[in-house]
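The values are calculated or read from the model by the stated rules, or taken from the named source; none is laboratory data. Just so you know, these numbers come straight off a predicted model, no measurement behind them. Here the Cβ positions follow ideal geometry from the backbone for every residue, glycine too, while neighbour counts run over all protein chains shown. These area figures cover heavy atoms from the full protein model, side chains too; ligands, DNA and RNA do not enter into them. Shrake-Rupley method; radii C 1.70, N 1.55, O 1.52, S 1.80 Å.
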Amino acid sequence: MYVNALPSNARYDVVVVGAGPAGITLATTLGAAGRRVLLVESGGSQPGTAVSGTKGYGHYPGGYWNQHWVRALGGTSHAWTGWCTIPTPLDFDNPTIGVRWPIPYASMLPYWRRAAPILDHLPAFIGYEAPFVPGFVYRPVPTQPPTRFSEKFGDALRASAAIDVLLGHSLIDLDATPGRSAITALTFVGHGSGARATLAVAPGQRVVLAAGGLGNAQLLLLPRADGGASLGNESGLAGRYLMEHPQFTLAGELVTDAELDRLWPAANPGPGMHALVAEPEFAVEHALQGCSLQCSRKTDDHDMARFLAHELGRPCYHYEITVRSEMRPSELNRAVPTPERDAFGLPVLQATCVLDAGDFRNAERALRLLGETLMRLGRGRVRINNDRIYQNVDGQGHTLGTTRMGPARDTSVVDADLRVHGYENLYVVGSSVFPSGGFANPTVTIVALALRLGDHLLGQGAAT
Amino acid sequence: MTAPKRSDGVSRRAIFSIAGAGVALASMATLWRSRGSGAEAAPPGPQDVPIGYADHEGWMVTPAEKASLVAAVAAANPR
């Protein structure tokens, strides 16, 4: 049910801060199991005009991050384009970038499959791959119409007796035990009234931050009245390792005798995009970061397609390639709070995110390796557009890594159970916990992690 | 003429051992100075070894293909 103010006498098993894909998935999972949940969202029932005011620096400057940070019931599902693809095993353990996720890749597969129907995708095609050439596999990217979580779950949340939904309220302060081992209180401010209200958190109750890629860090960077370290940021790493997914639009072209449409899984009605991805062993051998070569069919009446078809004696097809890839995680890329407050009463963030030379070379290298492979095999030719790689990088609206997951506090903010190191009842879920970005669109993994956290909080899943 | 005898009492084997240890220490020091941080650029791999392809307007083609393509363009655009 929807509530207008913080209930004074309710006792919740879990308080979820943020009602985007992660928060709603977690709340409905817990509510379905009979747990009492308070779901708090700083925005309203629909996206409004107010933005978070983040100031970007580096390759994603100005108001870039605010375009992809939706404060409303449904969160970033309002901005999601519907792409659904999961990481590869390499993305969970890539020696090239020196990052290993603290959870086994295989343990995530059931959660990705459970996440797919929540996003109105078909579980059978989660992780679907088909052979292409040695070194590269074909990886279709289904692009169903995007699921808006406010539309899909709004009525269920309204009808739920287990879940209280409080809109228009921001978490502005946390309190903890003297030893900072547990959160003891949460203070919210209502945007309409400006009234503050504090909710006591008793032993056994849990608090989950599900406020988005930057929002989670923002809450762990809330200033303390005594000037001490922000609660939950004892590691000093909250806000660090900010990542995007670099996109190099039309960075290459491909002419090949392979008609990629024939590789699309027949049982999936689509629509979707074709993509070629390096096989893990090949990627490690060639020091590749996560990278997807997305291929769009163009006219076959193309000079190179006709030339190669003549040379090979069989039809050839022409594709444009957009490279979607991974940033090397760096603690220098970080969001820090400023003294300024945004429209939601929270500190305005300054977000620095700079790609390094290797991130650009990775895109070129992946194209070059595909080109060399196809030349050796007599299967096609690749064109590399350097201007598009080195001078036209864009992003995909994915905000990753600011509360990274890892085995210990000196290298990460949350553990494999998504619990903030050192706290018994404070959790974080969302793309902010990704220790590396891979190339895959993050939404299905965000939802999968929320399902996994739900199992953990219900005592049904042991992540560590 | 015979070589003068060593008078310091240090055997040849010991000298070789000391020299070997010195070389090992120097090697370790070199390795230590040249070590990476683990977060820097990846070491060059076999992908950085150029293979025999030519560039034709950005396309990776064989040298023979490039010659053929250039000739085709020239034939299509006679002076």
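The overall shape of segment A:134-241 is oblate: from the C-alpha gyration tensor, with semi-axes ordered a ≥ b ≥ c, the ratio a/c is 1.5 or greater and a/b is no larger than b/c.
Using the 1.4 Å probe convention, the accessible area of segment A:2-41 works out to 33 Å² per residue with neighbouring protein chains retained. The amide H of A:Asp93, built 1.01 Å from its N in the peptide plane, has A:Trp101 as neighbours under 5 Å, considering only residues 5 or more places off or on other chains. Calculation over all alpha carbon pairs of segment A:292-437 in 10 angstrom steps from 0 returns a P(r) of 9, 26, 25, 18, 13, 7, 1 percent.
Beyond 12 Å, what share of the Cα-Cα pairs of segment A:102-146 remains, rounded to the nearest whole percent? Spell out each step's value before the answer.
Details: 665 of 990 pairs.
Considering segment A:102-146, 67 percent of its Cα-Cα pairs are separated by more than 12 Å.
Residues of segment A:273-305 that bury at least 50 Å² of accessible area when the other protein chains are present, relative to the chain alone (probe 1.4 Å, heavy atoms, ligands and nucleic acids excluded): A:Met304. Sparse packing (at most 16 other Cβ atoms within 10 Å of the Cβ) combined with a DSSP loop state is found for the following GluC sites (Glu not before Pro) in segment A:186-293: A:Glu259. Taking label positions 7 Å along the Cα-Cβ direction at both A:His310 and A:Thr198, the computed distance is 8.1 nm, reported to one decimal. Backbone phi angles across segment B:63-72, fed through the Karplus curve with coefficients 6.51, -1.76 and 1.60 (θ = phi - 60°), yield HN-Hα couplings of x, 5, 5, 4, 4, 5, 5, 5, 5, 5 Hz in residue order; Gly and Pro are listed as x.
Applying the Karplus relation 6.51 cos²θ - 1.76 cosθ + 1.60 with θ = phi - 60° to segment A:399-410 yields 3J(HN,Hα) values of 10, 10, x, 7, 9, 4, 8, x, x, 8, 5, 6 Hz, where x marks Gly and Pro. Multiplying the residue separation of A:Ala357 and A:Ala32 by 0.36 nm and removing their Cα-Cα distance gives an extension gain of 112.2 nm. Pull out a ≥ b ≥ c, the square roots of the eigenvalues of the alpha-carbon gyration tensor of segment A:19-106, then state rounded if a/c is under 1.5, prolate if not and a/b is larger than b/c, and oblate in the remaining case. In terms of gyration-tensor shape, oblate.
Relative contact order, whole percent, for chain A stands at 24, derived from Cα pairs under 8 Å and 6 or more residues apart.
Run the reach check for B:Lys66 against aspartates and glutamates, Cα to Cα strictly under 16 Å, same-chain hits fewer than 8 apart removed. What comes back? The qualifying aspartates and glutamates are A:Asp303, A:Glu311, A:Glu372, B:Asp55, B:Glu57.
How big is the C-alpha Rg of segment A:177-303 next to the rule-of-thumb value 2.2 N^0.38 Å, as a ratio?
Working: Rg = 24.8 Å, N = 127, 2.2 N^0.38 = 13.9 Å.
Taking N as the residue count of segment A:177-303, the ratio is 1.79.
Which value, in debye to the nearest 20, gives the size of the charge dipole of chain A about its Cα centre, when Lys and Arg are +1 and Asp and Glu are -1 at the Cβ? Walk me through the numbers before you get to the answer.
Numbers: 38 positive and 41 negative charges, 108 e Å.
Here the size comes out at about 520 debye.
Run the helix sum for chain A: -39,500 (n - 2.57) per DSSP H stretch of 4+ residues, divided by residue count, reported at 222 nm to the nearest 500 deg cm²/dmol.
Details: 10 runs with 104 residues, N = 464.
Helices in chain A give a 222 nm mean residue ellipticity of -6500 deg cm²/dmol.
Taken along the Cα-to-beta-carbon direction at a fixed 7 Å, the label points for A:Thr49 and A:Arg297 span 4.5 nm. Sparsely packed loop sites in segment A:288-394 (the GluC sites (Glu not before Pro) outside DSSP H, G, I, E and B with at most 16 other Cβ atoms within 10 Å) comprise A:Glu331.
Sorting the segments A:168-180, A:17-29 by their mean number of nearby beta carbons within 10 angstrom, highest to lowest, gives A:17-29, A:168-180. At the nearest 100 Å², what buried accessible area, both sides summed, do you get for B and A when the probe is 1.4 Å? Looking at B and A, the buried total is near 1900 Å².
When a 1.4 Å probe is rolled over the protein heavy atoms, the share of accessible surface on the protein assembly as shown that falls to carbon and sulfur comes to 55 percent.
The residues of segment A:379-394 listed by number as losing at least 20 Å² of accessible area in the complex, against the isolated chain and with a 1.4 Å probe, are A:Arg381, A:Val382, A:Arg383, A:Ile384.
Once you have a ≥ b ≥ c as the square roots of the Cα gyration tensor eigenvalues for the protein assembly as shown, tell me rounded if a/c is under 1.5, and otherwise prolate or oblate according to whether a/b is larger than b/c. Taking the square roots of the gyration eigenvalues as a ≥ b ≥ c, the protein assembly as shown is oblate.
In this simple spin-label model, placing a label point 7 Å from the Cα along the Cα-to-Cβ direction at both A:Glu281 and A:Gln396 gives a separation of 2.6 nm. When the P(r) is computed for segment A:61-126, the part past 20 Å accounts for 51% of the Cα-Cα pairs.
Using a probe of 1.4 angstrom and keeping all protein chains present, the accessible surface of segment A:395-450 works out to 18 square angstrom per residue.
Provide the gained length on full extension for the span A:Ala5 to A:Glu340, in nm with one decimal, where the gain is 0.36 nm per separating residue minus the Cα-Cα distance. Don't skip to the end; give the middle numbers.
On the way: separation 335, 0.36 × 335 = 120.60 nm, distance 2.60 nm.
Difference between extended and current length: 118.0 nm.
Near the amide H of A:Leu276, within less than 5 Å, lie the amide hydrogens of A:Arg139, A:Leu293, A:Gln294, A:Cys295, all on another chain or at least 5 residues away, with H placed in the peptide plane.
Across the residues of A:363-375, average count of Cβ atoms on other protein chains within 10 Å? Please report the intermediate quantities before stating the final value.
Values: counts 0, 0, 4, 1, 1, 6, 3, 1, 5, 5, 0, 1, 7.
Average neighbour count from other chains, rounded to a whole number: 3.
Given R0 = 41 Å, the distance between the Cβ atoms of A:Ala156 and A:Arg409 translates into a calculated FRET efficiency of 0.65.
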